[in-house]
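Reading through the structure tokens given below for one structure.
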């Protein structure tokens, strides 16, 4: 076999493998759009392990976002399969790999994953606040009151949290470093507890969650906003256009309804 023929066969084989790869990827992506989900009878969702996302206590399953996405799955007439994951980067990778159909985590609408995700219409609009430890309700001497006071201070966040970009932008705005420590296997609720216990100094989280924990812990301060108001959304793969349309239609009818406020009042 001459050299040109061998080269031609090698190139042809490579092109065939490339075509097979993209065909497989296309078919896999189609399975995660609306028609594939309905046909399979299963909606696979990933969310964080918290009362805002998913909580499993024995045979009881709860969580603010879980209950909303369960209502959506019921409208499709499919089984809901939920995976707990606190690392947002792994959520995005799982969505891209076809492990999940939807991320039901509160994601602030930034440009961070605009090429990897399609964002839903907002669930609500909110902002982040600094959660600080206080010795007592009356002890506010060392409580930070201005964002500029975070210069050279330390803030703890979950690993790969979207809030990392928020803090990096704030650091640029105040022209001083903010030391960001990312913690594995953590979510905002666990970090708030660590602040209340005095094990870490500061964290940041969404204001509604902070207000709920302020009622539980008297020794945290949540008075200082961090950043501006952002829309909190869910996400689907970039190819799941029909799923996004169906999800947005559901959210348009559901958010603000009496059923929505029943769920909201349970968690906030």
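The values are calculated or read from the model by the stated rules, or taken from the named source; none is laboratory data. Fair warning: this is a prediction, and the values are worked out from it, not measured in the lab. Neighbour counts are summed over all protein chains in view; Cβ atoms, including those assigned to glycine, are modelled from backbone coordinates with ideal geometry.
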Unique match (being in contact (Cβ under 8 Å) with a residue 12 or more places away in the chain, under 12 Å from the mean Cα position of the chain (by Cα), under 28 Å from residue 166 (Cα atoms) and exposed (fewer than 15 other Cβ atoms within 10 Å of the Cβ)) among 89, 145: 89
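Working carefully through the options 248, 187, find the one that is assigned by TED's automatic domain parsing to the domain that holds residue 105 and either crowded, with 19+ Cβ neighbours inside 10 Å or within 20 Å of the chain's Cα centre (by Cα) (or both). I'd like the intermediate steps shown before the answer.
Numbers: 187 fails: assigned by TED's automatic domain parsing to the domain that holds residue 105.
So the residue among 248, 187 that is assigned by TED's automatic domain parsing to the domain that holds residue 105 and either crowded, with 19+ Cβ neighbours inside 10 Å or within 20 Å of the chain's Cα centre (by Cα) (or both) is 248.
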Enumeration of residues in the stretch 214-251 that are touching a strand residue (DSSP E or B) at 6+ places or on another chain (Cβ under 9 Å), outside any strand (DSSP E or B) and closer than 16 Å to residue 120 by Cα: 238, 239, 240, 241, 243, 244, 247, 251
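Is the stretch 20-35 home to any residue that is touching a strand residue (DSSP E or B) at 6+ places or on another chain (Cβ under 6 Å) and either surrounded by fewer than 21 Cβ atoms within 10 Å (Cβ to Cβ) or at pLDDT below 95 (or both)?
At the first step, the residues of the stretch 20-35 found to be touching a strand residue (DSSP E or B) at 6+ places or on another chain (Cβ under 6 Å) are 32.
When the remaining residues are screened for being either surrounded by fewer than 21 Cβ atoms within 10 Å (Cβ to Cβ) or at pLDDT below 95 (or both), the result is 32.
The answer is yes, given that some residue of the stretch 20-35 is touching a strand residue (DSSP E or B) at 6+ places or on another chain (Cβ under 6 Å) and either surrounded by fewer than 21 Cβ atoms within 10 Å (Cβ to Cβ) or at pLDDT below 95 (or both).
Taking the stated definitions as given, is residue 100 surrounded by 18 or more Cβ atoms within 10 Å (Cβ to Cβ) and in a loop (DSSP other than H, G, I, E, B)? Spell out how you get there, then give the answer.
Numbers: surrounded by 18 or more Cβ atoms within 10 Å (Cβ to Cβ): yes; in a loop (DSSP other than H, G, I, E, B): yes.
Considered against the rule, which asks whether it is surrounded by 18 or more Cβ atoms within 10 Å (Cβ to Cβ) and in a loop (DSSP other than H, G, I, E, B), residue 100 comes out as yes.
Criterion first (without any contact (Cβ under 8 Å) to a residue 24 or more places away in the chain, out of contact with any strand residue (DSSP E or B) (no Cβ under 6 Å at 6 or more places or on another chain), outside any strand (DSSP E or B) and surrounded by 15 or more Cβ atoms within 10 Å (Cβ to Cβ)) does residue 161 satisfy it? Reasoning before the result, please.
On the way: without any contact (Cβ under 8 Å) to a residue 24 or more places away in the chain: no; out of contact with any strand residue (DSSP E or B) (no Cβ under 6 Å at 6 or more places or on another chain): yes; outside any strand (DSSP E or B): yes; surrounded by 15 or more Cβ atoms within 10 Å (Cβ to Cβ): yes.
The answer is no for residue 161.
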Filtered residues of the stretch 252-264 (kept if assigned to a helix (DSSP H, G or I) and either in contact with a strand residue (DSSP E or B) (Cβ under 8 Å, 6 or more places away or on another chain) or surrounded by 19 or more Cβ atoms within 10 Å (Cβ to Cβ) (or both)): 263
Residues satisfying the stated conditions in the stretch 52-78, i.e. closer than 15 Å to residue 264 by Cβ and surrounded by fewer than 20 Cβ atoms within 10 Å (Cβ to Cβ): 62, 67, 70, 71
Of all residues in the stretch 200-211 being surrounded by fewer than 19 Cβ atoms within 10 Å (Cβ to Cβ) and either more than 23 Å from residue 235 (Cβ to Cβ) or assigned by TED's automatic domain parsing to the domain that holds residue 105 (or both), the one that is farthest from the chain's Cα centre (by Cα): 201
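Taking into account only those residues within the stretch 164-199 that are assigned to a loop (DSSP other than H, G, I, E, B) and in contact (Cβ under 8 Å) with a residue 60 or more places away in the chain, which is nearest to residue 233 (Cα to Cα)? Give the derivation first.
Restricting attention to the stretch 164-199, the residues satisfying the condition of being assigned to a loop (DSSP other than H, G, I, E, B) are 175-178, 184-187, 197-199.
Next cut, in contact (Cβ under 8 Å) with a residue 60 or more places away in the chain only: 184-187, 198.
Working: 184: 23, 185: 22, 186: 21, 187: 17, 198: 32 Å.
Ranking the qualifying residues of the stretch 164-199, first place goes to 187.
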